[in-house]
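Chemist: I have a structure I would like to understand better, so I am pasting it below and will then ask my questions one at a time.
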Amino acid sequence: MKIFRRFGVAEFLGTSETTLRNWFQLIESNYHATNSYHNSTHAADVLQATAYFLDREKVKDIIDQMDQVASLIAAVVHDLDHPGRTNSFLINEGNSLALLYNDTAVLESHHSAMTFQLTGKDDRVNIFKNLERESFQAIRLIIIDMVMATEMTKHFEHLSKFVNCTKIVAKCEEEESLTGISTPDTLSLALSTPENRTLIRRMVIKCADISNPTRPLNLCKDWAIRIANEYFQQTDEEKRLGLPVVMPIFDRKTCSLPKSQTSFYDIFIHDMFDAWDAFCDVPDLMGHLQHNYSYWKDEELKEQERKTEVESIVSDVVGSREQ
């Protein structure tokens with residue numbers, strides 16, 4: 001509630017804090033507490049990160065209050081009713097949600113649809129009930145677009161478009177350094193087109209959604225263990241049901257947690273946060289990111305050394321028996 005108060009969400013929506021509180025309780029009750037990762041704590045974590053990014057000067061200069069309100073709501077609902085299984089699992093299983101959404105962005109479509117189904121069913125929780133039709137349609141589209149942006153198969157497409165968009169920033173800053181003439185209004189106007197605002201909103205929620213590597217190490221480790229446990233359960237179920245194992249690295253008998261983390265950083269995290277930092281300046285987060293990556297790299301090396309040592313001992317034992 002404090003974050004929503006700070007951004008004036010109730011006032012913008014024309015709703016009461018009682019309705020907003022009822023809505024929060026409804027949304028929280030539809031997250032699965034049995035999920036080790038995709039639960040209401042994750043939603044709260046993403047909400048906090050989203051609010052932090054919305055407070056960055058470059059972001060504040062470009063997006064308006066509707067963008068802010070939609071971003072905060074999207075953060076709260078972005079994994080609503082998550083079953084603790086991936087899209088690929090649901091598709092391979094022939095789950096009813098996969099059939100409903102034609103095997104395309106299954107979970108993200110479900111999170112979005114359920115948000116508006118739950119919210120609209122009772123005036124006591126309907127935070128949108130006092131909005132004009134046009135305003136409701138506009139904020140609904142933004143929320144849906146942001147939730148859909150968390151679907152990781154489109155990660156590189158979203159990142160590439162954002163990087164191309166922010167080349168405007170680099171060009172303007174280069175011109176400023178050469179001419180000594182500051183052009184903040186020109187820069188804001190260039191980035192404030194509907195298309196570019198969409199790209200920035202998507203990056204806000206994408207970075208917030210997978211911001212665990214930029215948290216202090218103790219939190220980073222906790223979230224890494226949580227996601228691994230959830231993926232272990234999926235792999236166990238895939239084996240039990242005879243389904244394809246979508247993420248073989250997350251076999252609880254063979255998984256290297258440090259390796260799974262460094263691979264995730266190398267594939268997804270570094271490039272995305274380098275681009276985000278270049279745009280809106282998040283040095284504290286980048287410091288955590290570098291420290292955490294070094295930690296996981298060190299752990300990976302120690303793990304490999306232990307494995308090599310065990311293999312050497314086994315080899316010596318086998319050799320001595322053969323003599």
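The values are calculated or read from the model by the stated rules, or taken from the named source; none is laboratory data. Everything numeric here is computed off the predicted structure, so don't read it as measured data. Positions of Cβ are generated from backbone atoms using ideal geometry, with glycine treated the same way; all protein chains shown enter the neighbour counts. The area values use the complete protein model at the heavy-atom level, side chains included, leaving out ligands, DNA and RNA. Shrake-Rupley method; radii C 1.70, N 1.55, O 1.52, S 1.80 Å.
Chemist: Within segment 1-39, how many residues are within 21 Å of the chain's Cα centre (by Cα), open to solvent by less than 40 Å² (accessible area, probe 1.4 Å), of a type in the set (Ser, Thr, Tyr) and within 22 Å of SER112 (Cβ to Cβ)?
Modeler: Qualifying residue count, segment 1-39: 2.
Chemist: Identify all residues within segment 295-323 that are more than 23 Å from LEU257 (Cβ to Cβ) and at pLDDT 85 or above; write none if there are none.
Modeler: The answer is none; no residue qualifies.
Chemist: Going by the structure shown, is HIS82 in a loop (DSSP other than H, G, I, E, B), within 28 Å of ASP284 (Cα to Cα), of a type outside the set (A, V, I, L, M) and touching a residue at least 40 places away in the same chain (Cβ under 8 Å)? So that I can check it myself, show each step before the final result.
Modeler: Numbers: in a loop (DSSP other than H, G, I, E, B): yes; within 28 Å of ASP284 (Cα to Cα): no; of a type outside the set (A, V, I, L, M): yes; touching a residue at least 40 places away in the same chain (Cβ under 8 Å): yes.
No.
Chemist: Quick one: how many residues across segment 241-272 are in contact with a helix residue (DSSP H, G or I) (Cβ under 6 Å, 6 or more places away or on another chain), assigned to a helix (DSSP H, G or I), open to solvent by less than 50 Å² (accessible area, probe 1.4 Å) and not hydroxyl-bearing (Ser, Thr, Tyr)?
Modeler: Residues meeting the conditions: 6.
Chemist: Answer yes or no: is there a residue in segment 112-121 that is open to solvent by 40 Å² or more (accessible area, probe 1.4 Å) and not polar (S, T, N, Q). Steps first, please.
Modeler: Initially, segment 112-121 is screened for residues open to solvent by 40 Å² or more (accessible area, probe 1.4 Å), giving 117, 120-121.
From what is left, the residues that are not polar (S, T, N, Q) are 120-121.
The answer is yes; a qualifying residue exists.
Chemist: Does LEU54 fit the bill of being touching a Leu at 6+ places or on another chain (Cβ under 7 Å) and surrounded by 15 or more Cβ atoms within 10 Å (Cβ to Cβ)? First the steps, then the outcome.
Modeler: Working: touching a Leu at 6+ places or on another chain (Cβ under 7 Å): no; surrounded by 15 or more Cβ atoms within 10 Å (Cβ to Cβ): yes.
No; evaluated as a whole, the condition is false for this residue.
Chemist: What are the pairs with Cβ atoms under 8 angstrom where one residue, in segment 287-305, is farther than 18 Å from THR214 by Cβ and the other, located anywhere, is open to solvent by less than 60 Å² (accessible area, probe 1.4 Å) and outside any helix (DSSP H, G or I)? Sequence gap at least six, or different chains.
Modeler: Close Cβ pairs (under 8 Å, with a partner that is open to solvent by less than 60 Å² (accessible area, probe 1.4 Å) and outside any helix (DSSP H, G or I)) amount to GLU300/SER256; GLU303/SER256.
Chemist: Still on this structure, I have one more. Just one of (1) touching a Lys or Arg at 6+ places or on another chain (Cβ under 7 Å); (2) more than 30 Å from MET66 (Cβ to Cβ) trips up ILE227, so point out which.
Modeler: Condition (1) is where ILE227 drops out.
Chemist: Report every pair of residues separated by at least 6 positions or lying on different chains whose Cβ atoms are under 8 Å apart, first residue within segment 207-222 and touching a residue at least 40 places away in the same chain (Cβ under 8 Å), second part of a loop (DSSP other than H, G, I, E, B) and of a type in the set (Ser, Thr, Tyr).
Modeler: Pairs that qualify, where the first residue is touching a residue at least 40 places away in the same chain (Cβ under 8 Å) and the partner is part of a loop (DSSP other than H, G, I, E, B) and of a type in the set (Ser, Thr, Tyr), are ASP209/THR150.
Chemist: Listed residues ILE127, ILE143; which is assigned to a helix (DSSP H, G or I) and either surrounded by fewer than 18 Cβ atoms within 10 Å (Cβ to Cβ) or out of contact with any strand residue (DSSP E or B) (no Cβ under 9 Å at 6 or more places or on another chain) (or both)?
Modeler: Values: ILE127 fails: assigned to a helix (DSSP H, G or I).
Residue meeting the stated conditions: ILE143.
Chemist: Residues to consider are ILE73, ILE91; find the one that is modelled with pLDDT of 95 or more and open to solvent by less than 40 Å² (accessible area, probe 1.4 Å). Steps first, please.
Modeler: Numbers: ILE91 fails: open to solvent by less than 40 Å² (accessible area, probe 1.4 Å).
Exactly one residue qualifies, and that residue is ILE73.
Chemist: Same structure again: How many residues does segment 19-55 hold that are among the β-branched types (Val, Ile, Thr), over 24 Å from ASP277 (Cβ atoms) and in contact (Cβ under 8 Å) with a residue 40 or more places away in the chain?
Modeler: Within segment 19-55, the subset among the β-branched types (Val, Ile, Thr) is 19, 27, 34, 41, 46, 50.
Filter once more, keeping what is over 24 Å from ASP277 (Cβ atoms): 19, 27, 34, 41.
When the remaining residues are screened for being in contact (Cβ under 8 Å) with a residue 40 or more places away in the chain, the result is 19, 27, 34.
Residues meeting the conditions: 3.
Chemist: Same structure, new question: Going through segment 94-111 one residue at a time, which ones are surrounded by fewer than 19 Cβ atoms within 10 Å (Cβ to Cβ) and of a type in the set (Val, Ile, Thr)?
Modeler: THR104
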